[in-house]
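**Student:** Have a look at this one.
Nothing in this text is a laboratory measurement; each read-out follows from the coordinates by a stated rule. Only a predicted model underlies this, so the values are computations on that prediction, with no experimental measurement involved. FYI the Cβ positions are ideal-geometry reconstructions off the backbone, even for glycines, and counts take in every protein chain you see.
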């Protein structure tokens, strides 16, 4: 290719490099392979349920949850290796495992083996997420990182917009197994693109030894930082109801509201709110700061969820009100995640890989557990999910008030 490869890292305190379009697209796809691996499966869940003759309707959610559990484990593993060996070699290994796990999920003869493939798929995809965040932190810091993450999230969120439609389209011409072959192809393309166009952002002289002591020291630095702990907690509490929404979306839109073929349209339309909020955040965060943006979103989310819970208590809300609630909730999520990630990672530029691993693991593990608990409470109504959104927003606000007294809604970062 005639154009130069994506640029190398900038150091803290220096002027951040330009946020290139190709860099945004590539990192967004690195992060987006997880969303793709989840959301493309949603139209296929009933087919998988029928194929494996599942007796409990809620067991189909395990196709999603098992992936997310593996995803959390994978994030913890790959970060320290990327600090030692560089970002790209670790990414290549992760993608190789992802492709092998995809094949396992296709050829599985029973549901447990299929879930093992999904679990391993999630573990391997953890490499992509960890490397994506570490590469962004290698090049940017503070509000510049939040702005870069907002642009990346704006593209990344396109994945859940189109993924259910892609899955539904594949099911029109083939069985559910073809969805996994599609994922295999995407992983191969992403690996080739990274090899050709992304420069290594972890120079050899910055690499850390991979020892128990070095990991323990890095973990202590991450887990001993009050700011990082606070925003790992808020990221976890934001991710939990989001995962529950994804896992129960088919049951809500198709089972309750009978959208059927319109399900991918509704799901994708709601995701557009997150795209809009990512652009709003990228534009406003340099002036307002990460705390003011994300804290305001938490307050609005709490009020929205409590108001919608009151409506749901009185009876099944209309489809229009449901779409408005979910859309505005996704808008708030889009204001929270880029800023929570940047605030959690901000103090750890020298150990970005390990910090990305730990923060990603904790937020994904706790968020997955919360998502499973909220999703398992599904009772044929939207009330459990609505209360999940409200409770998690309330506890997020409480976490900020405890961890950062006097900084709630402040523009100090």
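**Student:** Exposure proxy check: 372, 313, 193 ranked by fewest other beta carbons within 10 Å? Show your work: numbers first, answer last.
**Tutor:** On the way: 372 21, 313 11, 193 15.
Least crowded to most crowded, the residues run 313, 193, 372.
**Student:** Normalise the Debye intensity by I(0) for the chain, one equal point scatterer per Cα, no solvent, then take log10 at q = 0.08, 0.12 Å⁻¹ and round to two decimals.
**Tutor:** Log10 I(q)/I(0), no solvent term: -0.39, -0.92.
**Student:** Then there's this: Rounded to the nearest 0.05, what FRET efficiency do residue 410 and residue 220 give with R0 = 25 Å and r taken as the Cβ-Cβ distance? Could you check?
**Tutor:** E(calc), rounded to 0.05, equals 0.35.
**Student:** Per 0.36 nm of contour for each residue apart, how much would the distance between residue 276 and residue 57 grow if the chain were fully extended, relative to their Cα-Cα spacing?
**Tutor:** Working: separation 219, 0.36 × 219 = 78.84 nm, distance 3.40 nm.
My answer for the length gained is 75.4 nm.
**Student:** Still on this structure: Please arrange 212, 333 by counting, for each residue, the other beta carbons lying within 10 Å of its beta carbon, fewest first.
**Tutor:** Ordered from fewest to most neighbouring Cβ atoms within 10 Å, 212, 333 come out as 212, 333.
**Student:** Taking the simple approach of a point 7 Å from Cα along Cα-to-Cβ for both residue 310 and residue 103, what is their distance in nm?
**Tutor:** Those two pseudo-labels are separated by 5.7 nm.
**Student:** Taking only the alpha-carbon atoms of the stretch 152-311, what semi-axes of the equivalent ellipsoid follow from 5 times the gyration tensor eigenvalues under a square root, in whole Å, largest first?
**Tutor:** So the three semi-axes of the stretch 152-311 are 33, 27, 17 Å.
**Student:** Sort 300, 351 by Cβ crowding within 10 Å, fewest neighbours at the top.
**Tutor:** Working: 300 16, 351 25.
Fewest-to-most Cβ neighbours within 10 Å comes out as 300, 351.
**Student:** Hey, another quick one. Tell me the Kirkwood hydrodynamic radius of the stretch 296-413 in angstroms, computed as one over the mean inverse distance between distinct C-alpha pairs.
**Tutor:** Working: mean 1/r = 0.0630 Å⁻¹.
Every distinct Cα pair counted, the radius reaches 15.9 Å.
**Student:** If I model a spin label as a point 7 Å beyond the Cα along the Cα-Cβ vector, how far apart are those points for residue 171 and residue 200 in nm?
**Tutor:** 4.4 nm
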